[in-house]
1. Percent antiparallel among DSSP beta bridges with both residues in segment 104-245, to the nearest 5?
2. Normalised radius of gyration for the chain, please: alpha carbon Rg relative to 2.2 N^0.38 Å, two decimal places.
3. Could you order the peptides 182-188, 229-235, 49-55, 141-147 from most to least packed, using the average number of other C-beta atoms within 10 Å per residue?
4. Could you give the nm distance between label points at Ser109 and Ser34, where each point is 7 Å from its Cα heading toward the beta carbon?
5. Please figure out what share of the DSSP beta bridges in the chain is antiparallel and state it in percent, rounded to the nearest 5.
6. Taking a quarter of the surface of the convex hull around the Cα atoms of segment 22-71, what do you get in nm²?
7. Between rounded, prolate and oblate, where does segment 148-212 land on the alpha carbon gyration tensor, with a ≥ b ≥ c its root eigenvalues, rounded for a/c under 1.5, else prolate if a/b exceeds b/c?
8. Which of the three applies to segment 1-131, rounded, prolate or oblate, going by the alpha-carbon gyration tensor with a ≥ b ≥ c and a/c under 1.5 meaning rounded?
Amino acid sequence: MSDHNEFVKMTKDNVACQGADERFRSVTDKWIKSSVENKYTYNFTWLGRPIIQYPQDILALQEIIFKVKPEIIVEAGIARGGSIIFSASMLELIGSPAEVLGIDIDIRSHNREAILAHPMSKRIQLLQGSSVSAETIAEVKKRVGNKKALVILDSNHTYEHVKQELELYSPLVQKDSYLIVFDTVIDDLSDELSAGRPWGYKNGPKKAVDEFLQKTNRFEIDEEIQNKLMITAAPSGYLKCISNG
Ligand SMILES: C[S@@+](CC[C@H](N)C(=O)[O-])C[C@H]1O[C@@H](n2cnc3c(N)ncnc32)[C@H](O)[C@@H]1O
């Protein structure tokens, strides 16, 4: 076996072992709880714009974008723009001509201005509206066409909303690309940690993903990603498309 193949095998075995390590899992779960209590995911920026993610998930997205080489990245949930600027910058780095389509129900003017003034804005299209409205979906379908899309859902985290998003956006994803559902971690955390939010323990994106996977054989959870990251906002949320159906 070549040195490279040996290295890849070693890391795969390592990831599988760490994913099955109950002690590691238990300290990670405690860490996640403290990080949510401390609003840790709000601490970071990407190329100057706030990105509301764990650094681990950002690294996973980099690996996915490099591997999939999507022809368009569709992201529901822009907030202050860091995640769409991240995706655009990855496309720029790999020399892809692809664009990012960012959707948000409320693109505040100062965020829009900062995104449009950013060097990566040349690769970004903004669409204001609910990710599940008929108008938005018609526009998204038009812009995606037959392109190989990578879809990232990070908008309203209620079970009902994510359930609709999964139904509407999954047909856009082709074999070997991904449909990524963020904040599935909500379902694992106590209601107390989602206080004041319309989602909570066993009632968020993960519930929607579980039901979705029972109805489709086009997607499966990429367990290697979550076992690799351990710390992730998207446990069971990295869905790999395994068939065009
Ligand atoms: C968690 S933030 C997105 C974070 C961003 N992806 C990042 O990593 O920085 C969620 C965003 O979803 C938007 N949102 C809420 N409901 C929505 C809906 N129905 N359709 C589209 N966007 C929605 C909010 O306005 C908010 O900006």
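What follows draws every value from the coordinates through simple rules; no lab data is involved. In this text the structure is predicted, and so the values were computed from the model without any measurement. Reconstructed Cβ throughout: ideal geometry from the backbone, glycine too, with neighbour counts over all protein chains shown.
1. Values: 7 of 11 bridges.
So the antiparallel bridges amount to about 65 percent of the total.
2. Values: Rg = 17.6 Å, N = 245, 2.2 N^0.38 = 17.8 Å.
The value comes to 0.99.
3. Values: 182-188: 24.0, 229-235: 21.9, 49-55: 19.9, 141-147: 12.3.
Top to bottom by mean Cβ count within 10 Å: 182-188, 229-235, 49-55, 141-147.
4. 4.3 nm
5. Details: 10 of 28 bridges.
Given both bridge residues lie in the chain, the antiparallel proportion sits at roughly 35 percent.
6. 4.8 nm²
7. Details: a/c = 2.57, a/b = 2.41, b/c = 1.06.
It is prolate, given that a/c is not under 1.5 and a/b is the larger ratio.
8. Values: a/c = 2.75, a/b = 1.42, b/c = 1.94.
Note, shape of segment 1-131 comes out oblate.
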